[in-house]
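Student: What follows is a structure written as structure tokens; I'll ask about it next.
The values are calculated or read from the model by the stated rules, or taken from the named source; none is laboratory data. Treat the numbers as computed from the prediction; the structure is a model and nothing was measured. Cβ sites come from the backbone with ideal geometry, for glycine too, and all protein chains shown count toward neighbours. Heavy atoms of the whole protein, side chains included, go into the accessibility calculation; ligands, DNA and RNA do not. Shrake-Rupley method; radii C 1.70, N 1.55, O 1.52, S 1.80 Å.
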Amino acid sequence: MPIAVVRAETFYLPPPDQPAHAWALMPAAERVFRWVELRQQRRLVPPEGFVLGHRLYAQINHNRWLADCPCGSAQVVSPADARMACTECGAGWFALVFPDDPGAVEAELADLLPHERNWWNPADESAWNRPPDNEPDPLGDLRAEPATADEEEDW
């Protein structure tokens, strides 16, 4: 049986002293608030409004759907509820951008080991794994052909 990509509804689960279905009616994006309350023993109230003019890109990072908050925090998210509110900074709800077919992206990564399953939205200009289109690749020179024996003698 293949290992599924982790989503908010399978990550943020009720504690063992509650039935497994206790949070079944809670939207996936809101489960993080209850989960953090229980684990950090601090009262959290989900925000009421959206942060307008901002959208965050969902990514797969080590087999988990994640979104990064502008404050530097991150959390597990779900294509079933394409929003995220940070439990750290409390900025409000952010709209999330998922691929048109999240299942196809997950299937594309299925043959990799879970820790190797990573995917970034091609439109995400803040993805750390590549330079912006208008800047040179900082590793370009390091990717050049290895030096030959003749070139090494010049050192």
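Student: Can you give me the number of residues within the range 54-86 that are assigned to a loop (DSSP other than H, G, I, E, B) and either open to solvent by 20 Å² or more (accessible area, probe 1.4 Å) or at positive phi (or both)? Quick ask: steps written out before the conclusion?
Tutor: Keep residues of the range 54-86 that are assigned to a loop (DSSP other than H, G, I, E, B), which gives 58, 62-63, 69-73, 77, 79-80, 82, 86.
With either open to solvent by 20 Å² or more (accessible area, probe 1.4 Å) or at positive phi (or both) added as a condition, the list becomes 62-63, 70-73, 79-80, 82.
The qualifying residues number 9.
Student: Give me the residue from the range 6-24 that is in contact with a Lys or Arg (Cβ under 7 Å, 6 or more places away or on another chain) and among the aliphatic types (A, V, I, L, M) and, out of that set, least open to solvent (accessible area, probe 1.4 Å).
Tutor: 8
Student: State which residue pairs qualify: first residue more than 30 Å from residue 2 (Cβ to Cβ) and inside the range 84-110, second residue hydroxyl-bearing (Ser, Thr, Tyr) and surrounded by fewer than 16 Cβ atoms within 10 Å (Cβ to Cβ) in any location, beta carbons under 8 Å apart, and separation of 6 or more residues or different chains.
Tutor: Close Cβ pairs (under 8 Å, with a partner that is hydroxyl-bearing (Ser, Thr, Tyr) and surrounded by fewer than 16 Cβ atoms within 10 Å (Cβ to Cβ)) amount to 86/73; 87/73; 88/73; 89/73.
Student: Identify, by number, the condition in (1) in contact with a helix residue (DSSP H, G or I) (Cβ under 7 Å, 6 or more places away or on another chain); (2) touching a residue at least 24 places away in the same chain (Cβ under 8 Å); (3) among the basic types (Lys, Arg) that residue 31 doesn't meet.
Tutor: Residue 31 satisfies all of (1) in contact with a helix residue (DSSP H, G or I) (Cβ under 7 Å, 6 or more places away or on another chain); (2) touching a residue at least 24 places away in the same chain (Cβ under 8 Å); (3) among the basic types (Lys, Arg) except (2).
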